[in-house]
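Here the structure comes first, spelled out in structure tokens, and everything after it is commentary.
The values are calculated or read from the model by the stated rules, or taken from the named source; none is laboratory data. From a predicted model like this one, the values you see are computed outputs, not experimental measurements. Here the Cβ positions follow ideal geometry from the backbone for every residue, glycine too, while neighbour counts run over all protein chains shown.
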Amino acid sequence: MGAVAALAVPLAACGPGYDESPDPLRPLLAAAEADAAAARALAKGEDADAAGQLADARAAHAAALKSEVDRLNRPAPSPSATPPAPAALSDLKERLATARKQAEDLVPGLPRYRAGLVAAVAAGCAALQRTAPALGPGEDAPKVGAAPGGSVPAEAVDPLQTALAAEHAAVWVYGLVSAFLPADFSEGEKSGVAEHALRRDFLQTTLSASGATPVAPEAAYVPKQPVTDAKSASLVVATAEADCASAWLAVVNHTDDAGLRTTALHALVAAARRGTPWRSEAGEKPAAIAMPGQSS
């Protein structure tokens, strides 16, 4: 009787509805674990800070992915070859770019509860590409094009309104900080405000086409900390980018529409990439957020 009872759980796991195909998140998990270990071995010398950030972030990716992989407990594929140990931080550049692309490619077709997780991993990899020349700079996310002609899913309207509010705030913040930043920041200011304005316009058009009234901008916004110099200005910009990342990740989590989800992913990645150098200028540690958009 004890032997029969011991077999009950494994037999139940193979019952109707059990997916016996390999888990698509397993390659992401294996890569994250390998990258974390490799970067940890390089966390010394002149690249110690960047290698340490990479090791910590990829370890966080591995932990989050492992929790989800273990939860579904699908069959493991045949083990792949272990990548060679890197001799320098630059040897991880291509591995980081590959991990980002693999994650981005999975997001449109995953169930919602997995899509948000993988989108945050992709954005985290994109942010890491901005931490050191040896790792990047990586590709910028595609800019938003024309809004879809049809309506968006009803469940995505509120998250899109939240994203629009965040974009309004970001445009305002970039205007605020221009008075506190030296001239060599002007290119970053111009590109940042231009892209946020583009995404703002996209959201306004999309929501209007869906029959919703786009949320209007506030007359002014109150930063959590006063802006008095270049460092505090950089911090408020980094905070605005983090707010946009959170808002766009919520869109990923609330729609099954592949096109809308991809648009949200691109906006999330863009916010993570822009926020990283601003966090660095503000002296924030780590400069790259491991899972952009997720609550800490």
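A compact table of results
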read-out	value
Out of Gln53, Gln102, sole residue that is within 22 Å of Thr276 (Cβ to Cβ), buried (at least 17 other Cβ atoms within 10 Å of the Cβ), touching a residue at least 60 places away in the same chain (Cβ under 8 Å) and touching a Ser or Thr at 6+ places or on another chain (Cβ under 7 Å)	Gln53
Only one of Glu46, Glu20 that is more than 17 Å from Leu128 (Cβ to Cβ), touching a Cys at 6+ places or on another chain (Cβ under 9 Å) and either part of a loop (DSSP other than H, G, I, E, B) or modelled with pLDDT of 75 or more (or both)	Glu20
Enumeration of residues in the range 251-295 that are surrounded by fewer than 19 Cβ atoms within 10 Å (Cβ to Cβ) and either of a type in the set (Lys, Arg) or free of Cβ contacts under 8 Å to residues at least 12 places away in the same chain (or both)	Lys285
Options Leu128, Leu207: the member that is crowded, with 19+ Cβ neighbours inside 10 Å and at pLDDT below 95	Leu207
Residues satisfying the stated conditions in the range 210-228, i.e. of a type in the set (A, V, I, L, M) and under 17 Å from Tyr174 (Cβ atoms)	Ala219, Ala220, Val222, Val227
Flag for Pro226 being more than 16 Å from Trp278 (Cβ to Cβ), free of Cβ contacts under 8 Å to residues at least 12 places away in the same chain and out of contact with any Gly (no Cβ under 9 Å at 6 or more places or on another chain)	yes
Residue match in the range 175-192 (condition: in contact with a helix residue (DSSP H, G or I) (Cβ under 8 Å, 6 or more places away or on another chain), farther than 24 Å from Thr228 by Cα, in the same structural domain as Thr239 (by TED's automatic domain parsing) and crowded, with 21+ Cβ neighbours inside 10 Å)	no
